[in-house]
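The values are calculated or read from the model by the stated rules, or taken from the named source; none is laboratory data. Predicted model, so just to flag it, every value in this text is computed and none were measured. Cβ: placed from backbone, ideal geometry, glycine included. Neighbour counts: every protein chain shown.
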Amino acid sequence: MKFRSTRGNGTEVTFLEAVLQGLAPDGGLFHPSSEVDLSSGLAKAGELAKVGDGEPFSWRAARWLAPVLRHDYTTDQVKGLCERAFPFEPRLRTLDEGLHLLELFHGPSCAFKDFGAGFLSAVMEEYLERVARRALVLTATSGDTGSAVAQAFAGRRRADVVVLYPKGRVSRLQEQQLTTVGGNVTAVEVEGSFDDCQRLVKESFAHREAGNLPLTSANSINLGRLIPQVLYYMEAVTTLRVTAGQECAPVFSVPSGNFGNLTAGVLAWRWGMPAQRFLAATNRNDVVPKYLETGRFNPRPSVQTLSNAMDVGNPSNFERLATLFGHDVEAMRKAITGIPVSEEQTSAQIRSAWHRWGTVVCPHTAVGLCAAQRWREEQRQRRGSSADGETVVLATAHPGKFPEIIRETLELKVEIPERLARLLDLPNEAVLMEPDVDRFVAWLKERYGA
């Protein structure tokens, strides 16, 4: 498979070329220029799962990725990358009849971003060692991306990582994950919003003074972060084929901020994975649901919410989504329903999940769960009976990353995974930065320039 800019300019590039460039030269995002059919690999995984052969997730991941990456890697090489990237796996948990949580927080940073960050790190490490080069990896984070990238790249010999996060807009534990790594990872605290952090990353690539810096990105604007996210959708369908039937085509409810997660699901669907519909579950930062409602995409400054990793007012991956649907809002509406969730509904859903199922969910997962239940109730009212089919809610982060919110909402002390708890007492360090690209690039040159 080859890739080209969402803006239609430039030549086609391979996956590895797209990963190393990060952003297309014309400012667009790299995007598949052709389709691939993964349905046979999905069917094979389902058959093996039914007989309980014990095949690890990393092997299934390699089977699904090999056709996508065939211009850069052999099947055995893809398998090696997946084994290094995925020592953890997604887990599908049933809450109620037809309602499931896809737990994506069993990796090192306890968030779904570990899948993309782990694979991107494996790809870049292999390449940089092979050609004896260095890379400077820029990452903007609204909470979870930065910690996943920091963990995935920590200690890599040939990669320096700069993580930009908005001052005062991440949880204490998220900030500790960003600012205690040290070594080749530097945290930059930006006096602004996530959108300011994201703008600094994007504008740095085109800045006149950045030409000699070996820049790449680890945000979901980077194809190497996006493509691996297809895998857990495929894994969910594989599991459901065993438990719910061969023809299962679930509804996926996706907590959405920068929209890389939802874009990956749509790619999986376009590549042969059965899906009935996608729910774009957002908080008050609802520019995509508004687009689906009105047909107009109007980015605006983000507002702060309980589900802070989704506080994005100008989601980068909307450009990919629009390209996937030919910039046709009617085509997008046939596959995606936008459901915004208020702060009050988020808190109520956290309480409901605990009292109904004994399950503690993070605020982001609560947004997805609320959207799913609203969708299912609407279907019941339309049909006059129970909703048909399976609904999968992406559980994007461990609730232990948000102890203050859980304590305030449930009056409950949530268990924090040991790999996170040990960070609370570590000294942290961050560079304070105004959201000015000239100053940021000057700082990059001073610190990392030749």
message = What's the number of the only condition in (1) surrounded by 19 or more Cβ atoms within 10 Å (Cβ to Cβ); (2) in contact (Cβ under 8 Å) with a residue 40 or more places away in the chain; (3) of a type in the set (Lys, Arg) that residue 63 fails to meet?
response = (2)
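Per-residue answers, yes or no, for (1) assigned by TED's automatic domain parsing to the domain that holds residue 341; (2) outside any loop (DSSP other than H, G, I, E, B); (3) modelled with pLDDT of 95 or more; (4) surrounded by 12 or more Cβ atoms within 10 Å (Cβ to Cβ):
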position	(1), (2), (3), (4)
359	yes, no, yes, yes
370	yes, yes, yes, yes
419	no, yes, no, yes
432	no, yes, yes, no
439	no, yes, yes, yes
444	no, yes, yes, yes
remark   = Within segment 211-239, the residues that are modelled with pLDDT under 90 and among the small types (Gly, Ala, Ser) are 211, 217, 218, 220
query = Can you name the strands (runs of 3 or more DSSP E) wholly within segment 94-197 that have at least 1 residues being under 15 Å from the mean Cα position of the chain (by Cα) and buried (at least 23 other Cβ atoms within 10 Å of the Cβ)?
reply = 99-103, 135-140
key: Condition met for residue 41 (crowded, with 16+ Cβ neighbours inside 10 Å, at pLDDT 90 or above and in contact with a Gly (Cβ under 9 Å, 6 or more places away or on another chain))   = no
message = Restricting to segment 409-450, give me the number of residues that are hydrophobic (A, V, I, L, M, F, W, C) and in contact with a strand residue (DSSP E or B) (Cβ under 9 Å, 6 or more places away or on another chain).
response = 7
note = Subset of segment 395-415, residues among the aliphatic types (A, V, I, L, M), crowded, with 20+ Cβ neighbours inside 10 Å and out of contact with any Cys (no Cβ under 7 Å at 6 or more places or on another chain), comes to 395, 405, 406
note = Of (1) out of contact with any strand residue (DSSP E or B) (no Cβ under 9 Å at 6 or more places or on another chain); (2) more than 22 Å from residue 219 (Cβ to Cβ); (3) touching a residue at least 40 places away in the same chain (Cβ under 8 Å), residue 263 satisfies every one except (2)
request  = Among the numbered conditions (1) at pLDDT 95 or above; (2) surrounded by fewer than 24 Cβ atoms within 10 Å (Cβ to Cβ); (3) within 20 Å of the chain's Cα centre (by Cα), tell me where residue 252 comes up short.
outcome  = (2)
